[in-house]
Amino acid sequence: MLRHTYGTYTLSALRKSTVFQGEPLLYVRDRMGHSDVQTTAIYLHLINQLDAQIVLARMKTKWTCCSPMVARTRSRWGVIDGPCQGLQG
């Protein structure tokens with residue numbers, strides 16, 4: 001488990017890095033000791049899945065909790081808390 005965490009975290013960090021010069025996938029492949037880059041690409045797939053889940057979760061939270069319509073409805077029932085606090089329709 002720690003090995004997979006290291007691979008996923010390192011690949012993600014290197015992809016976002018502005019100072020790293022080189023190919024993150026090849027760097028992680030060498031560090032993990034993989035003979036085939038396709039094995040390392042599994043970590044890339046996991047990162048893409050996690051990124052997509054984060055985007056969807058943020059969109060869902062923003063849509064359901066912060067839309068003016070939801071804020072008005074919550075306000076009508078006297079519930080003004082969390083992300084909708086302070087929103088007035």
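The values are calculated or read from the model by the stated rules, or taken from the named source; none is laboratory data. Quick caveat, the model's predicted, so the values are computed rather than measured. Glycine gets a Cβ as well: all are built from the backbone with ideal geometry, and neighbour counts include every protein chain shown. For the accessible areas, the whole protein counts, side chains as well, though only heavy atoms, and no ligand, DNA or RNA atoms are used. Shrake-Rupley method; radii C 1.70, N 1.55, O 1.52, S 1.80 Å.
Worth pointing out:
- Residue match in region 40-58 (condition: open to solvent by 80 Å² or more (accessible area, probe 1.4 Å) and modelled with pLDDT of 90 or more): no
- Boolean, Gly89 is in contact with a Lys or Arg (Cβ under 8 Å, 6 or more places away or on another chain) and either outside any helix (DSSP H, G or I) or at pLDDT 85 or above (or both): yes
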